[in-house]
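Written below as structure tokens is the structure these notes are about.
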Amino acid sequence: MELRPYIDALRHELALAAAAGGEDARELAERLTAPLESATRLALLDALSEAAAEITRDLAPGSVDLRLRNREPSFVVTPAPADPWTDASPPPPDPVPAPAPAPGEDEATVRISLRLPEHLKGRIEQAAARDGVSINTWLIRAAAAAADGDRQRPPTVTPTSGAQRFTGWVR
């Protein structure tokens, strides 16, 4: 989430209000806007943090966290864990296969944002280095292998929490 548009809008409104007060008021507003920018940014971050805390209270045991990167806030939503004793979650939708590009046609690429736990990111970096490829290439290969593998064979049996119930397919 970028705060710059909100700060610029506030600066513009202050300039409009000061213009109505004459040249002295306009000059004073110009001198005050620079120091007010950091205070405005801090006030917006406080409001976003309070909003995240309020939403977290309503989502419990899930949560919403506010994180800063390069002075810009972003939200991280952690859903409530599924109850391992009930199967209340809806089944995932059937995947829609993407059309294969024609021979010689360049495939379009898309950008996605992927959030990984720190320990998993480290393992991926090690695996990519071991294979001598970039992290992006390694992730693309892993995703393609997983997607192709799902079409070729059914999932294997995997124990769920408590190892008292099994889900999946057996050959």
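The values are calculated or read from the model by the stated rules, or taken from the named source; none is laboratory data. These numbers come from a predicted model, not from an experiment. Glycine also receives a Cβ, built like all others from the backbone with ideal geometry; neighbour counts cover every protein chain displayed. The accessibility values were calculated without ligands, DNA or RNA, using every heavy atom of the protein model including side chains. Shrake-Rupley method; radii C 1.70, N 1.55, O 1.52, S 1.80 Å.
So which pairs qualify, if the first residue must be in segment 19-45 and in a helix (DSSP H, G or I), the second must be among the basic types (K, R), the Cβ gap must be under 7 Å, and the two must be at least 6 apart or on different chains?
Every condition considered, the pairs that remain are A19/R26; T33/R11.
Listed here are the residues, each with its yes/no results for (1) touching a helix residue (DSSP H, G or I) at 6+ places or on another chain (Cβ under 7 Å); (2) under 17 Å from A9 (Cβ atoms).
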site: D24; (1), (2): no, no
site: L32; (1), (2): no, yes
site: S38; (1), (2): no, yes
site: R41; (1), (2): yes, yes
site: A47; (1), (2): no, yes
site: A52; (1), (2): no, no
site: I55; (1), (2): no, no
site: G62; (1), (2): no, no
site: D65; (1), (2): yes, no
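Based on what the data block shows, is R11 open to solvent by 80 Å² or more (accessible area, probe 1.4 Å) and of a type in the set (D, E, K, R)?
On the way: open to solvent by 80 Å² or more (accessible area, probe 1.4 Å): yes; of a type in the set (D, E, K, R): yes.
The answer is yes for R11.
Starting from residues that are in a helix (DSSP H, G or I) and open to solvent by 70 Å² or more (accessible area, probe 1.4 Å), keep the ones in segment 149-160 and report whichever is modelled with the lowest pLDDT. Lay out the reasoning, then the answer.
Initially, segment 149-160 is screened for residues in a helix (DSSP H, G or I), giving 149-152.
Adding the requirement that they be open to solvent by 70 Å² or more (accessible area, probe 1.4 Å) leaves 150-152.
Working: D150: 54, R151: 55, Q152: 51.
Ranking the qualifying residues of segment 149-160, first place goes to Q152.
Taking the stated definitions as given, is S49 exposed (fewer than 13 other Cβ atoms within 10 Å of the Cβ), part of a helix (DSSP H, G or I) and of a type in the set (S, T, N, Q)?
Numbers: exposed (fewer than 13 other Cβ atoms within 10 Å of the Cβ): no; part of a helix (DSSP H, G or I): yes; of a type in the set (S, T, N, Q): yes.
Criteria not met by S49.
Which residues, counting only those in segment 109-129, are of a type in the set (A, V, I, L, M, F, W, C), loosely packed, with under 11 Cβ neighbours inside 10 Å and under 20 Å from T78 (Cβ atoms)?
Correct list: I112, L114, L120.
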